[in-house]
Amino acid sequence: LFLLPFLVIFRFAFIYYEKINITKLRLEIEENLRDDLIEEIFNKGNYSSSDAYFYINTISGQVASFYSTLAVFLGSFLQVISYTIYLLITDLNIFLSLTGGVVILYFPMFYIVKLGRKTSHQTYKTSEEISEQTEKIVENLYLIKILNLAEIELGRFNKSLKEYYESTLKNVKL
């Protein structure tokens, strides 16, 4: 009982350390990807402004987030394996109860993951569309002003933004 406060502090310190390491990993991956993408854009030179912005600003962040999520998953997986071994050794009834819960939840979770993939793809597409529209607006800004098309362009852009935010919110909900 005397060690309990120290164990709690140690546990929170470990969680903090893990969070810092994973955030550093994500930021380093994003930085390296952006550097590599800029170098590729300079070397090849055949990317549109929209594609360049999209790859540098959006894709690099998403890839970095993927790897940080993978690191969190692996850490959680190791914790589950160690806890499973502990339960197998100490209390088989609790282990069997948890296994039954996993079996019951398998198909609903499979369905949710499938929906998550679908909405992630939709978010990717709408994000790419926003990048392309931003490029068109910036490159044709004077023409849009001269022809008084600002309201139409703003309407299209706002519609795309709304679709993007809705699909992103669906991802978070899943």
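Kindly evaluate Ser60 against the criterion of being without any contact (Cβ under 8 Å) to a residue 40 or more places away in the chain, of a type outside the set (A, V, I, L, M, F, W, C), touching a Lys or Arg at 6+ places or on another chain (Cβ under 6 Å) and surrounded by 14 or more Cβ atoms within 10 Å (Cβ to Cβ).
Yes, satisfied.
Keeping to region 34-56, report how many residues are within 21 Å of Glu128 (Cβ to Cβ), assigned to a helix (DSSP H, G or I), open to solvent by 50 Å² or more (accessible area, probe 1.4 Å) and without any contact (Cβ under 8 Å) to a residue 60 or more places away in the chain.
Going through region 34-56 one residue at a time, the tally reaches 6.
Out of all the residues in region 80-99, which are open to solvent by less than 90 Å² (accessible area, probe 1.4 Å) and either of a type outside the set (A, V, I, L, M, F, W, C) or part of a loop (DSSP other than H, G, I, E, B) (or both)?
Result: Ser82, Thr84, Thr90, Asp91, Ser97, Thr99.
Just to be sure before I move on: is Tyr86 more than 21 Å from Lys24 (Cβ to Cβ) and under 25 Å from the mean Cα position of the chain (by Cα) in the structure I sent?
No: the conditions fail for Tyr86.
State yes or no: is Ile104 aliphatic (A, V, I, L, M) and open to solvent by 100 Å² or more (accessible area, probe 1.4 Å)?
yes
Yes/no matrix, rows are residues, columns are (1) under 26 Å from the mean Cα position of the chain (by Cα); (2) under 18 Å from Ser50 (Cα atoms); (3) open to solvent by 100 Å² or more (accessible area, probe 1.4 Å):
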residue	(1), (2), (3)
Gly116	yes, no, no
Thr119	yes, no, no
Glu132	yes, yes, no
Gly155	no, no, no
Asn158	yes, yes, no
Leu169	yes, no, no
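Mind telling me which of the residues Phe14, Phe77, Phe66 ends up being loosely packed, with under 13 Cβ neighbours inside 10 Å, closer than 27 Å to Thr126 by Cα and either touching a residue at least 12 places away in the same chain (Cβ under 8 Å) or not β-branched (Val, Ile, Thr) (or both)?
Of the residues listed, the single one that is loosely packed, with under 13 Cβ neighbours inside 10 Å, closer than 27 Å to Thr126 by Cα and either touching a residue at least 12 places away in the same chain (Cβ under 8 Å) or not β-branched (Val, Ile, Thr) (or both) is Phe66.
Among the residues in region 51-60, are any hydroxyl-bearing (Ser, Thr, Tyr) and modelled with pLDDT of 90 or more?
no
The values are calculated or read from the model by the stated rules, or taken from the named source; none is laboratory data. Because the structure is predicted, anything quoted here is derived from the model rather than measured. Cβ sites come from the backbone with ideal geometry, for glycine too, and all protein chains shown count toward neighbours. Ligands, DNA and RNA are stripped out before the accessible areas are found, and what is left, the full protein with its side chains, is counted by its heavy atoms. Shrake-Rupley method; radii C 1.70, N 1.55, O 1.52, S 1.80 Å.
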